[in-house]
Amino acid sequence: MPVALVTGGSAGLGRALAHALAAEGWTVIVDGRDPDRLAAAVRRGIVAIPGDVTDADHRADLVAAVRSRGSLDLLVHNASTLGPVGLATWLPKLADVTVDDLQHVWRTNLGAPLVLTTQLLGDLVASSGILMGISSDAAVEHYPGWGLYAASKAGLDHLVLTFGAENEAITAYAFDPGDMRTQMHADAFPGEDISDRPEPETVVPRLLALLAARPESGRYRAADLGAVVGV
Ligand SMILES: NC(=O)c1ccc[n+]([C@@H]2O[C@H](COP(=O)([O-])OP(=O)(O)OC[C@H]3O[C@@H](n4cnc5c(N)ncnc54)[C@H](OP(=O)(O)O)[C@@H]3O)[C@@H](O)[C@H]2O)c1
């Protein structure tokens, strides 16, 4: 039975992906900071480890959960933060970013994925597994107010794809899901009606098709996958 670790599996895209993988027979280890919301997301095949990816002890718990299953076939860095949303009416311009904002976003979106991947690299290599970072169009566009988050997503793309370049046994994907109707999206557009954005469940079949087709390592947009994997 294949084993996946999906960070941020209690809501949004991470929860939808965990449910879909579990329905296909995977064992899926997930985390999230709110233990009640995480518990509510558990289904048959899902193992919930509550905690914050920036916490070293929690990452040790994730590694132990993987080791107790004996292998790791898929590692998805999905947990992410926009940064100081809610402190202003809009995401701050780069000139207004504080050192605390920088540390929070960097530790969540870059530091934790880098350290966790390093800790689990041997397991991924041993199973010729797949490493995936959930990216964003902000990683390649330059939207005012999104600079800090966007730079972290560009950095995550770079980390994931460099791990792929350095380790022939694994395949590495930076996956841009496109806009989705989630809490993160609502936080980014306060007061805006986001009901026209697709549910994360609509993106998951494309992500699964990418995993199944397993094209070469690279950056893939859900919107473009039809041409690559025929969905
Ligand atoms: N929504 C969009 O339109 C959109 C567009 C492009 C890319 N993305 C990317 O897609 C991914 C999923 O986003 P989403 O919209 O599904 O977000 P979401 O609905 O806000 O869900 C985020 C998930 O991550 C968890 N999480 C957040 N910080 C965490 C931390 N420090 N440690 C552990 N878990 C943490 C959350 O649970 P807790 O809060 O309980 O920890 C939750 O389970 C993200 O990487 C995001 O950048 C989203």
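How charged is the neighbourhood of Leu5? Take every other residue with its Cβ under 12 Å from the Cβ of Leu5, and add Lys/Arg as +1 and Asp/Glu as -1. Taking every Cβ under 12 Å from that of Leu5, the sum is -1.
Taking the Kirkwood radius as Rh and the Cα radius of gyration as Rg, the range 3-229 has a ratio of Rg/Rh equal to 0.94. Rounded to the nearest 10 degrees, the inclination of helix 12-23 to the longest alpha-carbon principal axis of the chain is 20 degrees.
Computed from Cα atoms, the angle from the helix 112-126 axis to the main principal axis of the chain rounds to 20 degrees. Using R0 = 25 Å, the C-beta based FRET efficiency linking His142 and Ala95 works out to 0.95. Close amide H contacts of Ser135 (hydrogens built in the peptide plane, cut-off under 5 Å, sequence separation of 5 or more or a different chain): Phe175, Asp176.
With θ taken as phi - 60° and the Karplus curve 6.51 cos²θ - 1.76 cosθ + 1.60 applied, the whole-hertz 3J(HN,Hα) list for the range 25-41 is x, 6, 8, 10, 8, 10, 9, x, 7, 8, x, 5, 5, 5, 4, 5, 8 Hz, x standing for glycine and proline. Near Ala60, once Lys and Arg are set to +1 and Asp and Glu to -1 for all other residues with Cβ below 15 Å from its Cβ, the sum equals -4. Residues whose amide H comes within less than 5 Å of that of Val28, counting only those at least five positions distant or on another chain, are Ala4, Ile46, Val47 (H built at 1.01 Å from N in the peptide plane).
Listed values for the range 93-99 are Karplus-derived 3J(HN,Hα) couplings in whole Hz (6.51 cos²θ - 1.76 cosθ + 1.60, θ = phi - 60°), namely 5, 4, 5, 9, 5, 9, 4, and x replaces Gly and Pro. For Arg33, the residues whose modelled amide H falls within less than 5 Å of its own, excluding neighbours fewer than 5 places apart on the same chain, are Gly51. Considering the range 109-231 at the alpha-carbon level, its Rg and Dmax are found to be 15.2, 47 Å.
Values quoted throughout were computed directly from the atomic coordinates according to the rules given, and no laboratory measurement underlies them. Owing to the predicted nature of the structure, the values given are computational and were not obtained by experimental measurement. Ideal geometry is used to build each Cβ from the backbone, glycine not excepted, and the neighbour counts take in all protein chains shown.
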